[in-house]
Amino acid sequence: MTASKSSRARNARAAAQAGAPTGAARNGASGGTAVKNASPARGGPAKPGGSAKPGGTATRDRDRPRNGAAARGPRTIEVRDEPAERGPAPWLQIATFVLALAGLGVSIYLTIAHFTESALAGCSESGLVNCTKVTTSPQSYVFGIPVAVLGLAFYVFAVVIMSPWAWRASRREIHLARIASLVVGIGFVLYLVYAELFTIGSICLYCTSVHVITFLLFVLTAFAAAAWGLKPGAPWKLVPDRQPE
(Lines give C-alpha, C1' and ligand atoms only; values in the text may rest on other atoms or scores of the structure.)
Protein backbone atom coordinates (compact mmCIF):
# COMPACT_ATOMS: atom_id res chain seq x y z
CA MET A 1 0.00 0.00 0.00
CA THR A 2 2.72 2.41 1.06
CA ALA A 3 4.89 1.40 -1.86
CA SER A 4 2.12 1.95 -4.33
CA LYS A 5 1.37 5.42 -2.92
CA SER A 6 4.99 6.50 -3.05
CA SER A 7 5.29 5.20 -6.62
CA ARG A 8 2.20 7.06 -7.62
CA ALA A 9 3.53 10.26 -5.98
CA ARG A 10 6.78 9.91 -7.89
CA ASN A 11 4.92 9.35 -11.12
CA ALA A 12 2.73 12.42 -10.43
CA ARG A 13 5.81 14.60 -9.76
CA ALA A 14 7.47 13.33 -12.93
CA ALA A 15 4.36 14.05 -14.96
CA ALA A 16 4.09 17.52 -13.43
CA GLN A 17 7.71 18.26 -14.25
CA ALA A 18 7.23 17.00 -17.79
CA GLY A 19 4.02 19.08 -18.35
CA ALA A 20 5.26 22.44 -16.97
CA PRO A 21 7.55 23.31 -19.87
CA THR A 22 4.81 22.48 -22.36
CA GLY A 23 2.31 24.88 -20.72
CA ALA A 24 4.93 27.60 -20.30
CA ALA A 25 5.86 27.27 -23.91
CA ARG A 26 2.24 27.57 -24.87
CA ASN A 27 1.74 30.63 -22.64
CA GLY A 28 4.99 32.12 -23.90
CA ALA A 29 3.98 31.55 -27.46
CA SER A 30 0.62 33.15 -26.86
CA GLY A 31 2.19 36.14 -25.12
CA GLY A 32 4.76 36.58 -27.83
CA THR A 33 2.10 36.65 -30.51
CA ALA A 34 0.17 39.32 -28.64
CA VAL A 35 3.28 41.46 -28.30
CA LYS A 36 4.03 41.15 -31.96
CA ASN A 37 0.50 42.06 -32.99
CA ALA A 38 0.44 45.01 -30.60
CA SER A 39 3.79 46.48 -31.74
CA PRO A 40 4.23 46.72 -35.51
CA ALA A 41 7.70 46.50 -36.90
CA ARG A 42 9.61 49.71 -37.42
CA GLY A 43 9.61 51.00 -40.95
CA GLY A 44 6.57 48.86 -41.72
CA PRO A 45 3.42 49.91 -43.51
CA ALA A 46 2.10 53.32 -42.41
CA LYS A 47 -1.38 53.90 -41.14
CA PRO A 48 -4.06 54.83 -43.67
CA GLY A 49 -4.11 58.57 -44.44
CA GLY A 50 -0.35 59.03 -44.23
CA SER A 51 2.86 58.31 -46.08
CA ALA A 52 5.99 56.77 -44.64
CA LYS A 53 9.01 59.00 -44.23
CA PRO A 54 12.54 57.69 -43.80
CA GLY A 55 12.87 56.39 -40.27
CA GLY A 56 9.27 55.18 -40.04
CA THR A 57 7.65 58.61 -39.39
CA ALA A 58 4.24 59.02 -41.06
CA THR A 59 3.20 62.19 -42.93
CA ARG A 60 -0.41 63.30 -42.90
CA ASP A 61 -2.37 64.21 -46.02
CA ARG A 62 -2.74 67.82 -44.98
CA ASP A 63 1.03 68.28 -45.25
CA ARG A 64 0.86 67.41 -48.93
CA PRO A 65 0.14 70.13 -51.62
CA ARG A 66 -3.54 70.00 -52.47
CA ASN A 67 -4.74 68.83 -55.89
CA GLY A 68 -1.37 67.21 -56.42
CA ALA A 69 0.20 70.57 -57.31
CA ALA A 70 3.82 71.19 -56.49
CA ALA A 71 4.72 73.76 -53.89
CA ARG A 72 4.69 77.21 -55.45
CA GLY A 73 7.12 79.98 -54.82
CA PRO A 74 6.23 83.64 -54.04
CA ARG A 75 3.77 85.22 -56.46
CA THR A 76 4.94 87.99 -58.76
CA ILE A 77 2.60 90.81 -59.78
CA GLU A 78 3.08 92.16 -63.29
CA VAL A 79 2.72 95.94 -63.48
CA ARG A 80 1.97 97.46 -66.88
CA ASP A 81 2.56 101.05 -67.77
CA GLU A 82 -0.84 102.09 -69.11
CA PRO A 83 -1.30 105.52 -70.67
CA ALA A 84 -2.94 108.09 -68.44
CA GLU A 85 -6.45 109.19 -69.15
CA ARG A 86 -6.41 111.79 -71.93
CA GLY A 87 -8.62 114.73 -72.76
CA PRO A 88 -10.88 115.40 -75.77
CA ALA A 89 -11.02 112.76 -78.48
CA PRO A 90 -9.24 113.34 -81.80
CA TRP A 91 -12.52 113.76 -83.70
CA LEU A 92 -13.44 116.77 -81.55
CA GLN A 93 -10.04 118.36 -82.09
CA ILE A 94 -10.36 118.02 -85.86
CA ALA A 95 -13.97 119.25 -85.90
CA THR A 96 -13.22 122.41 -83.94
CA PHE A 97 -10.12 123.11 -86.04
CA VAL A 98 -12.07 122.80 -89.32
CA LEU A 99 -14.86 125.03 -88.00
CA ALA A 100 -12.32 127.65 -86.92
CA LEU A 101 -10.76 127.62 -90.38
CA ALA A 102 -14.19 128.06 -91.99
CA GLY A 103 -14.98 130.99 -89.70
CA LEU A 104 -11.62 132.54 -90.52
CA GLY A 105 -12.32 132.28 -94.24
CA VAL A 106 -15.72 134.01 -93.97
CA SER A 107 -14.25 136.71 -91.70
CA ILE A 108 -11.51 137.45 -94.20
CA TYR A 109 -14.09 137.82 -96.97
CA LEU A 110 -16.29 140.15 -94.86
CA THR A 111 -13.27 142.28 -93.94
CA ILE A 112 -12.24 142.66 -97.57
CA ALA A 113 -15.81 143.53 -98.61
CA HIS A 114 -16.05 146.12 -95.83
CA PHE A 115 -12.93 148.03 -96.84
CA THR A 116 -13.55 147.77 -100.61
CA GLU A 117 -17.25 148.57 -100.19
CA SER A 118 -18.11 145.79 -102.61
CA ALA A 119 -21.36 143.84 -102.60
CA LEU A 120 -21.32 140.42 -101.07
CA ALA A 121 -21.71 137.64 -103.63
CA GLY A 122 -25.02 135.77 -103.60
CA CYS A 123 -26.60 138.00 -100.94
CA SER A 124 -29.95 139.75 -101.43
CA GLU A 125 -30.19 143.54 -101.32
CA SER A 126 -33.83 143.80 -100.23
CA GLY A 127 -36.24 142.27 -97.76
CA LEU A 128 -35.28 140.45 -94.61
CA VAL A 129 -31.98 139.27 -96.11
CA ASN A 130 -30.06 142.44 -96.95
CA CYS A 131 -26.30 142.12 -96.50
CA THR A 132 -25.48 145.67 -97.63
CA LYS A 133 -27.88 147.21 -95.11
CA VAL A 134 -26.33 145.19 -92.29
CA THR A 135 -22.66 145.78 -93.20
CA THR A 136 -23.14 149.55 -93.66
CA SER A 137 -25.33 150.17 -90.59
CA PRO A 138 -24.08 152.03 -87.49
CA GLN A 139 -24.18 148.69 -85.65
CA SER A 140 -21.43 147.43 -87.95
CA TYR A 141 -18.97 149.34 -85.71
CA VAL A 142 -18.25 148.64 -82.06
CA PHE A 143 -16.11 151.18 -80.20
CA GLY A 144 -15.20 152.62 -83.61
CA ILE A 145 -13.85 149.28 -84.85
CA PRO A 146 -15.54 147.46 -87.75
CA VAL A 147 -17.29 144.28 -86.63
CA ALA A 148 -15.67 142.46 -89.56
CA VAL A 149 -12.20 143.29 -88.20
CA LEU A 150 -13.20 142.10 -84.72
CA GLY A 151 -14.49 138.88 -86.22
CA LEU A 152 -11.25 138.43 -88.15
CA ALA A 153 -9.14 138.91 -85.01
CA PHE A 154 -11.35 136.48 -83.08
CA TYR A 155 -11.01 133.73 -85.69
CA VAL A 156 -7.27 134.17 -86.06
CA PHE A 157 -7.05 133.42 -82.35
CA ALA A 158 -9.65 130.63 -82.68
CA VAL A 159 -7.61 128.81 -85.35
CA VAL A 160 -4.61 128.79 -83.01
CA ILE A 161 -6.50 127.81 -79.86
CA MET A 162 -8.59 125.16 -81.66
CA SER A 163 -5.64 123.49 -83.35
CA PRO A 164 -4.77 119.91 -82.35
CA TRP A 165 -1.47 121.17 -80.93
CA ALA A 166 -3.31 123.52 -78.58
CA TRP A 167 -5.74 120.75 -77.58
CA ARG A 168 -2.76 118.58 -76.59
CA ALA A 169 -1.10 121.35 -74.57
CA SER A 170 -0.33 120.45 -70.97
CA ARG A 171 -0.72 124.01 -69.64
CA ARG A 172 -4.07 124.60 -67.97
CA GLU A 173 -4.05 128.29 -68.98
CA ILE A 174 -4.43 127.40 -72.66
CA HIS A 175 -7.61 125.41 -72.05
CA LEU A 176 -9.00 128.16 -69.82
CA ALA A 177 -8.25 130.75 -72.52
CA ARG A 178 -10.16 128.63 -75.06
CA ILE A 179 -13.26 128.52 -72.88
CA ALA A 180 -13.04 132.21 -72.01
CA SER A 181 -12.69 133.25 -75.65
CA LEU A 182 -15.76 131.23 -76.66
CA VAL A 183 -17.82 132.73 -73.82
CA VAL A 184 -16.90 136.23 -75.03
CA GLY A 185 -17.52 135.21 -78.64
CA ILE A 186 -21.01 133.78 -78.01
CA GLY A 187 -21.92 136.89 -76.00
CA PHE A 188 -20.88 139.12 -78.92
CA VAL A 189 -22.87 136.95 -81.32
CA LEU A 190 -26.01 137.34 -79.22
CA TYR A 191 -25.59 141.11 -79.37
CA LEU A 192 -25.18 141.10 -83.15
CA VAL A 193 -28.23 138.85 -83.67
CA TYR A 194 -30.30 141.18 -81.51
CA ALA A 195 -29.05 144.20 -83.48
CA GLU A 196 -29.90 142.57 -86.80
CA LEU A 197 -33.38 141.43 -85.85
CA PHE A 198 -34.60 144.33 -83.70
CA THR A 199 -32.49 147.36 -84.63
CA ILE A 200 -31.51 146.98 -88.28
CA GLY A 201 -34.44 144.81 -89.30
CA SER A 202 -32.39 142.71 -91.72
CA ILE A 203 -29.91 139.86 -91.61
CA CYS A 204 -26.74 139.05 -93.50
CA LEU A 205 -26.19 135.49 -94.68
CA TYR A 206 -22.42 135.71 -94.27
CA CYS A 207 -22.74 137.20 -90.80
CA THR A 208 -25.26 134.49 -89.87
CA SER A 209 -22.86 131.79 -91.03
CA VAL A 210 -20.18 133.22 -88.72
CA HIS A 211 -22.71 133.27 -85.87
CA VAL A 212 -23.60 129.62 -86.43
CA ILE A 213 -19.91 128.57 -86.53
CA THR A 214 -19.24 130.46 -83.29
CA PHE A 215 -22.22 128.77 -81.64
CA LEU A 216 -21.01 125.30 -82.71
CA LEU A 217 -17.52 126.01 -81.39
CA PHE A 218 -19.01 127.14 -78.10
CA VAL A 219 -21.09 123.95 -77.77
CA LEU A 220 -18.18 121.65 -78.63
CA THR A 221 -15.80 123.44 -76.27
CA ALA A 222 -18.30 123.34 -73.41
CA PHE A 223 -18.93 119.65 -74.09
CA ALA A 224 -15.19 118.90 -74.06
CA ALA A 225 -14.75 120.71 -70.73
CA ALA A 226 -17.72 118.87 -69.19
CA ALA A 227 -16.77 115.42 -70.50
CA TRP A 228 -12.97 115.44 -70.20
CA GLY A 229 -12.10 118.44 -68.07
CA LEU A 230 -9.08 120.62 -68.71
CA LYS A 231 -6.78 117.77 -69.77
CA PRO A 232 -4.47 117.43 -72.77
CA GLY A 233 -6.16 115.75 -75.70
CA ALA A 234 -5.09 112.44 -77.21
CA PRO A 235 -2.84 112.78 -80.27
CA TRP A 236 -4.52 112.14 -83.61
CA LYS A 237 -3.13 110.61 -86.78
CA LEU A 238 -4.44 110.40 -90.31
CA VAL A 239 -3.59 106.69 -90.40
CA PRO A 240 -4.09 104.93 -87.05
CA ASP A 241 -1.46 102.46 -85.86
CA ARG A 242 -2.18 98.81 -86.48
CA GLN A 243 -2.97 96.74 -83.46
CA PRO A 244 -0.67 93.73 -82.92
CA GLU A 245 -2.37 90.45 -83.83
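Look at Leu120 and say whether it is touching a Phe, Trp or Tyr at 6+ places or on another chain (Cβ under 7 Å) and closer than 24 Å to Phe218 by Cα. Considered against the rule, which asks whether it is touching a Phe, Trp or Tyr at 6+ places or on another chain (Cβ under 7 Å) and closer than 24 Å to Phe218 by Cα, Leu120 comes out as no. For Ile174, the conditions (1) closer than 15 Å to Ala100 by Cα; (2) within 34 Å of the chain's Cα centre (by Cα) are fulfilled apart from (1). Ala226 fulfils the conditions (1) farther than 17 Å from Phe97 by Cβ; (2) over 29 Å from the mean Cα position of the chain (by Cα) except for a single criterion, (2). Confirm whether Leu104 is closer than 24 Å to Phe188 by Cα, assigned to a helix (DSSP H, G or I) and open to solvent by 40 Å² or more (accessible area, probe 1.4 Å). Answer is no for this residue.
Of the residues making up region 107-121, those that are open to solvent by less than 30 Å² (accessible area, probe 1.4 Å) and part of a helix (DSSP H, G or I) are Ser107, Leu110, Thr111, Ala113.
The values are calculated or read from the model by the stated rules, or taken from the named source; none is laboratory data. Predicted, not measured: the structure shown is a model, and the values here were computed from it. Here Cβ is always computed from backbone atoms with ideal geometry, including for glycine, and neighbour counts include all displayed protein chains. Note: areas computed on protein heavy atoms with side chains; ligands, DNA, RNA excluded. Shrake-Rupley method; radii C 1.70, N 1.55, O 1.52, S 1.80 Å.
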